[in-house]
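Step one of this worksheet: look at the structure below.
None of the figures in this text is laboratory data; all of them are computed from the coordinates on show. Values in this document were obtained by computation on a predicted structure and should not be read as measured data. Cβ coordinates were reconstructed from backbone atoms using ideal geometry, including for glycine residues, and neighbour counts include every protein chain displayed.
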Amino acid sequence: MHILPKADLRRLTGALAERYALYGPVCHEVSGEVIFDLVDDPSRIDLDIPIPYNPPKGVVFPQAERIMSFSYDRASKAAAIEPEALAAPKALVGLRSCDLNGLLCLDRFMLGQEYVDEVFLEHRKKMFIVSNTCVHPFPQCFCVCTDSGPAAVEGFDLDLTDIGGEYLVLTGSAKGEELVRGLGLAAAPAAKAALRAKAVEASVALFDAQAKDNKAWISRAVNRLTTGFIPHEVWEYIGDQCFECGACAFVCPSCSCFNIEDAAEGEGRSCRTRAWDSCSFEGYARMAGDHNPRKAVEDRRNKRFFCKLSFSQSRKYLRPGCVGCGRCVRVCPGDIGLPNVVTAIRRESTKQVPHE
Amino acid sequence: MIYKTGICNFCGTGCGHLMKVGDGAVKGVFASPDHPVGAGRLCVRGWHIHELLTTSERITRARVRKDGALRDVPLDEALALAADRLAAFPPEAVAFRASPRASNEDNYLLGKLARAVFGTNNIDLASDAGQGHTVGVLLESGGLPAALASVADLREAGFILALGIDITRQNPILGSELHKAARRGARLVTLSGRRTQIAKLSGTHLQNRPGSMRIVLAAMAKVLLEEGLVDRASTGERTVGFDGFARALDGLDMGRVAGLTGLDLEAVRETARALAGSEAAVAVFASGISGLDRETIAMAHNLFLLAGKAGRKGSGLLAATGICNIAGSWDMGATPRFLPGYVKAGDAAAADRFGKLWSARLNGKPGRTVEELLTSSPPTLKALLVAEHDEGLVRHPEALAALDLVVYVGAYDNPFARFAHIVLPAATYAEADGTYTNTERRIQLNRKKVEPGPDILPAWRIWTALAAKRGVIWPYKTSSDVMKEIAAAVPAYSAVTYEELEKGFGLQWPCDERRPKGCPHPGELPGRLSFAAVPDRFTAPAPTGDHPFLLTAGTDNTFWHTNVIMKKTHIPRREYNALLLLYPQGLVEISAEDAARIGARDKRPVRVVSASGSMRVAAKVSTDVRPGTAYVPYFIGDMITGFLDAHGSLLEGGEESVVPVRIEKV
């Protein structure tokens, strides 16, 4: 481990900005809203501000992205297909461990199965990731329930932990080591290096007092979702509250559903766009011939929670699909963020006898 | 920074969003976490507004009809031609239709163009029937002609009454507030003929017979009187007209309420008591194309006034505007009845004041709506200019085709343009600065995000250019200059500036010298409120032997008022298609009991027959309508519009309009 004085964070981000498009959490000057955004000025990145409202997944898996153009010339009968220009290398600075785990879920979905998603790979392979340990939780956090925080375990090039006045820098890749060498960072003495584990411990201890908005004791819910022992009334109760906006999927760091749309652009040219989609939409599951295995809204809703918490799905992600960031709670026009659904399932599963 | 703050341009809720911009184009959108209305939420429409903004179905060039076809011409040539040809007709023969999605600046200047340059008061707005009724009742009552309750009040209210509308579909984020209020323990009551989502989320659903809402509200008012639950101040010196209202209620025989409304009288009584017993209460209803009729709004107003829930902090009626700037467009005078600021159009003193402000002699003759002009006999309208219009007027294709001149000004290509002789391209809301006034009087500034194409101007610049072509030079350099003039013209906007708007999330009018930061709780404003005049006869549409069903119409989530623009998106269009593909001929929703009785099956065709028309659609067998009630979503316009047009009242009168029909198996 190495030491980076806080005042020198700018050297780190500046060095990254020379080789990468730089992304990080920034605070809006007027509204004070925190978002994860492309920055021109590396000093805008602030590692102390709360978790950004938008998940960093948009950098590798944009909301809408042209992935291909194609054209057909009637006269010559010539058809041409062109992939879109390749993505510029990106550095993601200040990723919280929940969001990093979300990115790893996306990796396993997009790259770790039978087919490799080349567009995603193109974004992903040229990336530098600097994670940021949460030395205290935020009100919406429940990563301790989903085994995804408060500190990153894997997937970063560099990991920073604030130990007061300076960051402990943990390297996670050869690229990370090279940057540390280039910056000439001092090695951390053993006593200081031990502070990372202490910081994590202290952060976990703060959850009861500070992370008050959400709790999601998921293990019972995982069991019930996997075995299917959840009464239909529970899903109806949840489905009635779904406004079918799609937001839970859009804000989720690990949701990977997308739609493909071809649009004519005139003069024989067309483009193919990939865009975020959501399993809450009726049209998402509709098949050719009009069959829809998930027509009713409650059937679509239970798909989402099956995807996030069932064991069979977790095997694909090598972890639960939920990373405990709490975004789906705040963005939901109903009241069915994941923690509430877990509560509804647990309440049902602990019910001893039906009420008279 | 690629995420830029802005305001959603679909419904009147006015949620904040962050628009993703890159390479000079819109790339996406995200909810704005700290916006006071949206508070981090958007609906399915709001989450896909970038799809609309990036559609290739844009109008990018000025076009003029030559030899039957629209042909590209230089913008200046089209502007000159439009101005000259509009001026060639007498003022009474010219009309203007404003867009409820346009900014305050756009619509203020369109009104000025119509009145000060072309000398006519013939200007109106699309899709705003319900807003006219709401404004009328509220002006009559002496309060502000706009919502007395704010969205934040929903977070405090102890009692919320949702009237008719499925607000989870029309204004989903307002619907979210209602749901969250119920979750925190507020009493949420839905009064609607159909079991909508908001009805399912309500502690109480009073599923009344369609067309009887006014009677239910009157019965609640009568319960307050009978049981001594009336707010003392409401019947005393703070109000006017109590005696008249009480006399009107004498005409209601409580013994007939259950029969007329289909409701259990005790449930109505209990709801009235809950309203009276609450500390603060809000009534929410649609104000737009699917709004309520005047009498129902007047009764809701009177009920709330009687219960002491009008003119009090945190209480009152919240007319949910269905399109982003319906409210602002009325504030700006995009109506034949009012100049900007709800000043009567025919009023001599007003004409004098605005004549001075606009350096013009104004026409003292009140105008007429485009609808009235198109349907008048003999026809008097010769020329029509329409801004960003999507559907309503296409109901009169013959009248439109007979006009000497139709000018269409818009950003998106649509079926209306086929009637146009001249088409002028306009910027989208993301390509121009402008302010929009939401359903709770919140004036919000939306900054330009991307440059429009070379020939594309913001609408306010087009109106300025048309005035210039008529030799009237307006001095505005920016839309902020237009707002300065609005501040001078409209007292409730007098302290509004772009500088102040930019400091936060908008200002709620009245925003003037005394309240430079706006006024979230106008219910506290001093002044006496009046009971609105209501008829003392209480009848409801009743089924007959020939026509045993009461048919109503309504909107839906993904197929929204201006369906033409929703069809230019990808995901909302797909969601609409998911329903349309199941019911390609359109649908009528009926109960399982009725379906069994007439032998109809889900997705199989039936014929809906009224006294003046019929249509063939599929039956949708549902638990959401009661026996004897039928519902058509008029969003499947292509198939159903023809039938509904023959029943103009169904569209004009809003949600409470009813057509008696019979339904036959085919």
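Calculated FRET efficiency, residue B:418 to residue B:348, Cβ-Cβ distance, R0 = 56 Å: about 0.85 to the nearest 0.05.
How much length is gained on full extension from residue A:312 to residue A:264, taking 0.36 nm per residue of separation minus their Cα-Cα distance? Spell out each step's value before the answer.
Values: separation 48, 0.36 × 48 = 17.28 nm, distance 3.97 nm.
Between residue A:312 and residue A:264, full extension yields an extra 13.3 nm.
Is segment B:321-460 rounded, prolate or oblate when judged by the Cα gyration tensor, a ≥ b ≥ c being the square roots of its eigenvalues, rounded requiring a/c under 1.5 and prolate requiring a/b larger than b/c? Oblate.
Does segment A:214-356 classify as rounded, prolate or oblate by the C-alpha gyration tensor (a ≥ b ≥ c root eigenvalues; a/c under 1.5 gives rounded; else a/b over b/c gives prolate, otherwise oblate)?
Numbers: a/c = 2.22, a/b = 1.87, b/c = 1.19.
Here segment A:214-356 falls in the prolate category.
Ignoring lysines fewer than eight residues from residue B:365 along the same chain, the ones with Cα atoms less than 26 angstrom from its Cα are B:112, B:344, B:356, B:382, B:469. Which lysines have a Cα lying under 17 Å from the Cα of residue B:665, excluding residues fewer than 8 positions away in the same chain? Once the sequence-local lysines are set aside, what remains near residue B:665 is B:603, B:620. Placing unit charges on the Cβ atoms only, positive for Lys and Arg and negative for Asp and Glu, gives chain B a dipole magnitude near 720 debye about its Cα centre.
Over 22 Å between Cα atoms, which of A:215/B:180; A:126/A:316; B:484/B:517 qualify? Kindly include the intermediate steps, with their values, before the conclusion.
Numbers: A:215/B:180 19 Å; A:126/A:316 24 Å; B:484/B:517 16 Å.
Violating the 22 Å Cα-Cα cut-off are A:126/A:316.
Listed by chain and number, the lysines whose alpha-carbon sits under 16 Å from that of residue B:309, ignoring those within fewer than 8 places in the same chain, are B:222.
For segment B:129-321, the alpha-carbon radius of gyration amounts to 0.92 times the rule-of-thumb value 2.2 N^0.38 Å expected for a compact globular protein.
For segment A:168-275, the dipole from Cβ point charges (+1 on Lys and Arg, -1 on Asp and Glu) about the Cα centre works out to 780 debye, to the nearest 20.
Compute and list, largest first, the equivalent-ellipsoid semi-axes of chain A from the alpha carbon gyration tensor, each √(5λ) rounded to a whole angstrom.
On the way: eigenvalues 241, 200, 53 Å².
They are 35, 32, 16 Å, listed largest first.
Label-to-label distance, residue B:601 versus residue B:376, with points set 7 angstrom from Cα along the beta-carbon direction: 5.4 nm.
Annotation for residue A:209 and residue B:67: the two label points, set 7 Å from Cα along the Cα-Cβ direction, are 8.4 nm apart. Note on B:513, B:431: ascending count of other Cβ atoms within 10 Å places them as B:513, B:431, the fewest first. Each of B:315, B:622 was scored by other Cβ atoms within 10 Å of its Cβ. Listed from fewest to most, they are B:622, B:315.
Within chain A, the selection of entire DSSP H helices by a Cα span of 20 Å or greater along the long axis and an average Kyte-Doolittle value of at least -1.0 returns A:195-210.
Projected onto its three principal axes, the C-alpha set of segment B:377-457 covers 44, 35, 18 Å, listed from the longest axis down. By the Stokes-Einstein formula, at 0.890 mPa s and 25 °C, the protein assembly as shown with its Kirkwood radius over alpha-carbon pairs has D equal to 81 µm²/s. With the simple model of a label 7 Å out from the Cα in the direction of the Cβ, residue A:194 to residue A:78 spans 7.2 nm. Comparing segment B:3-53 with the 2.2 N^0.38 Å rule of thumb, its C-alpha radius of gyration ratio is 1.03 (two decimals).
Which pairs break 29 Å Cα to Cα here: A:175/B:449; A:212/A:308; A:57/A:212? Before the final figure, lay out each step's value.
Working: A:175/B:449 37 Å; A:212/A:308 22 Å; A:57/A:212 26 Å.
Result: A:175/B:449 exceed 29 Å.
Based on other C-beta atoms within 10 Å, arrange B:124, B:243, A:8 from fewest to most.
Values: B:124 24, B:243 10, A:8 15.
With the sparsest Cβ surroundings first, the list reads B:243, A:8, B:124.
Dipole of segment A:1-78 computed with +1 at Lys/Arg Cβ and -1 at Asp/Glu Cβ about the Cα centre; of A:75, A:28, A:1, farthest Cα towards the positive end is A:75.
Scaled against the 2.2 N^0.38 Å expected of a compact globular protein of N residues, the Cα radius of gyration of chain B reads 0.93.
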